[in-house]
Amino acid sequence: MDQTDSVVVVEHLEKRYGSFVAIEDVSFVVERGEIFGILGPNGAGKTTAVECLQGLRHADGGNLRVLGLDPRHHAAEIRRRIGSQLQESALPDRIKVWEALDLFASVVPGGGDWRVALEQWGLDTKRNARFGSLSGGQRQRLFVALALVNDPEVVFLDEMTTGLDPASRRVAWDLIRRMQDRGTTVVLVTHFMDEAENLCDRLAILDDKRLIALDTPSGLISRHATKRRVLFSTDQPDLTWLDSSQHVTAVHRTRDRVEVEGTGPVLAFVAAALIEHGIAPTDLRVKGADLEDVYLSLTGTGRSD
Ligand SMILES: Nc1ncnc2c1ncn2[C@@H]1O[C@H](COP(=O)(O)OP(=O)(O)O)[C@@H](O)[C@H]1O
Ligand SMILES: [Mg+2]
């Protein structure tokens with residue numbers, strides 16, 4: 001791999017809080033122009049990893065590079081060249097949109113013109129609005145505009161869409177794609193599988209301090225997911241005979257909706273068994289494995305953190 005195109009390099013990262021090990025031997029590389037996703041259960045170490053990269057925390061071991069610089073020694077220079085998403089609480093309710101942009105632009109010399117950012121992110125009509133009066137989607141756009149006001153080469157977004165309604169999440173996705181279009185590398189921590197699958201070029205899955213998978217979304221799915229689901233509706237009360245059909249591993253039922261889990265040619269076997277029992281559902285269909293299946297099978301379900 002050509003290291004000159006690597007915007008972020010993480011080699012054997014280790015981080016402890018006191019005697020508690022939060023990250024143990026994590027390595028990955030983010031290439032220029034990628035949207036790189038980091039997934040993992042609560043407490044896996046995602047925030048710790050991106051904070052170490054931004055020079056907000058000091059790694060205890062390993063080798064980190066952001067834009068070729070070591071965050072342990074060049075945190076200030078790195079922060080000038082990266083964008084970082086703010087948490088919801090980071091701005092006072094009374095600050096006006098233009099004031100926030102002006103403030104941020106003034107602390108990052110050489111940054112872009114915030115008037116352009118206002119227009120670019122559809123905030124021109126909200127210029128004089130106070131932060132506290134903005135909708136969730138408008139706040140998100142302001143955070144993105146603030147993160148990009150210094151025209152960064154790489155942005156770190158930690159759960160940017162958590163707490164947003166579905167429409168605002170779509171707006172946020174669009175904003176993230178626009179960041180990529182303008183050449184910015186994006187490192188995105190997320191809990192949402194659809195977001196990871198739709199938006200990210202590659203994904204790292206962290207679990208319990210370690211990296212457990214790293215690939216494109218489709219690579220992860222084809223490598224790790226073999227499960228298929230067959231779905232149909234029936235008012236037939238007894239389906240116990242389905243349990244013993246070939247290639248069926250589990251049958252779940254909610255009122256008239258049935259979901260059969262299985263492998264390989266399970267659809268054909270379920271269809272044959274249904275016909276044999278006089279059931280011909282009009283909505284019989286198969287659903288291939290998705291990223292959520294991969295994630296749940298790799299990280300384990302029901303594990304407490
Ligand atoms: N400042 C801190 N002091 C002590 N432990 C911490 C601190 N920050 C995080 N941790 C612990 O480190 C682990 C990883 O946390 P974090 O990086 O926030 O995980 P994630 O972002 O994946 O949910 C968790 O067990 C968390 O409780
Ligand atoms: Mg976190």
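The values are calculated or read from the model by the stated rules, or taken from the named source; none is laboratory data. Just so it is clear, the structure is predicted and the values come from calculations on it, not from any experiment. Note: ideal-geometry Cβ built from the backbone for every residue, glycine included; neighbour counts use all protein chains shown.
Regarding region 134-144, can at least one residue be identified that is under 18 Å from Gly33 (Cα atoms) and touching a helix residue (DSSP H, G or I) at 6+ places or on another chain (Cβ under 7 Å)?
For region 134-144, residues under 18 Å from Gly33 (Cα atoms) and touching a helix residue (DSSP H, G or I) at 6+ places or on another chain (Cβ under 7 Å): present.
Name the residue that is farthest from ligand 2 (Cβ to nearest atom), counting only residues in region 34-56 that are touching a helix residue (DSSP H, G or I) at 6+ places or on another chain (Cβ under 9 Å) and within 18 Å of Val154 (Cα to Cα).
Among those that are touching a helix residue (DSSP H, G or I) at 6+ places or on another chain (Cβ under 9 Å) and within 18 Å of Val154 (Cα to Cα), it is Glu34.
Can you tell me which residue among Glu24, Glu77 is of a type in the set (D, E, K, R) and at pLDDT below 95?
Of the residues listed, the single one that is of a type in the set (D, E, K, R) and at pLDDT below 95 is Glu77.
Condition first: touching a residue at least 24 places away in the same chain (Cβ under 8 Å) and within 16 Å of ligand 1 (Cβ to nearest atom). Can you find one or more residues in region 168-179 that meet it?
No, region 168-179 contains no residue that is touching a residue at least 24 places away in the same chain (Cβ under 8 Å) and within 16 Å of ligand 1 (Cβ to nearest atom).
For the subset of region 1-21 comprising residues that are modelled with pLDDT of 95 or more and acidic (Asp, Glu), which member is nearest to ligand 1 (Cβ to nearest atom)?
Here the residue is Glu14.
Look through region 202-211, keep the residues that are within 13 Å of ligand 1 (Cβ to nearest atom) and assigned to a strand (DSSP E or B), and return whichever of them is surrounded by the fewest Cβ atoms within 10 Å (Cβ to Cβ).
So, considering only residues that are within 13 Å of ligand 1 (Cβ to nearest atom) and assigned to a strand (DSSP E or B), the one surrounded by the fewest Cβ atoms within 10 Å (Cβ to Cβ) is Arg210.
Among the numbered criteria (1) within 20 Å of Arg202 (Cβ to Cβ); (2) within 16 Å of ligand 2 (Cβ to nearest atom), which single criterion is violated by Glu31?
Among (1) within 20 Å of Arg202 (Cβ to Cβ); (2) within 16 Å of ligand 2 (Cβ to nearest atom), Glu31 violates only (2).
In region 22-41, what residues are under 14 Å from Arg65 (Cα atoms) and within 15 Å of ligand 1 (Cβ to nearest atom)?
Those that are under 14 Å from Arg65 (Cα atoms) and within 15 Å of ligand 1 (Cβ to nearest atom): Val26, Phe28.
Any residue at all in region 65-80 that's in contact with a strand residue (DSSP E or B) (Cβ under 6 Å, 6 or more places away or on another chain), in contact (Cβ under 8 Å) with a residue 12 or more places away in the chain and within 16 Å of ligand 2 (Cβ to nearest atom)?
There is no residue in region 65-80 that is in contact with a strand residue (DSSP E or B) (Cβ under 6 Å, 6 or more places away or on another chain), in contact (Cβ under 8 Å) with a residue 12 or more places away in the chain and within 16 Å of ligand 2 (Cβ to nearest atom).
Going by the conditions given, is Thr48 farther than 19 Å from Leu175 by Cα and hydroxyl-bearing (Ser, Thr, Tyr)?
Taking the combined requirement at face value, the residue satisfies it.
Hey, which of the strands (runs of 3 or more DSSP E) in region 218-305, taking only ones fully inside, have at least 3 residues that are within 23 Å of the chain's Cα centre (by Cα) and outside the structural domain of Leu203 (by TED's automatic domain parsing)?
It comes to none.
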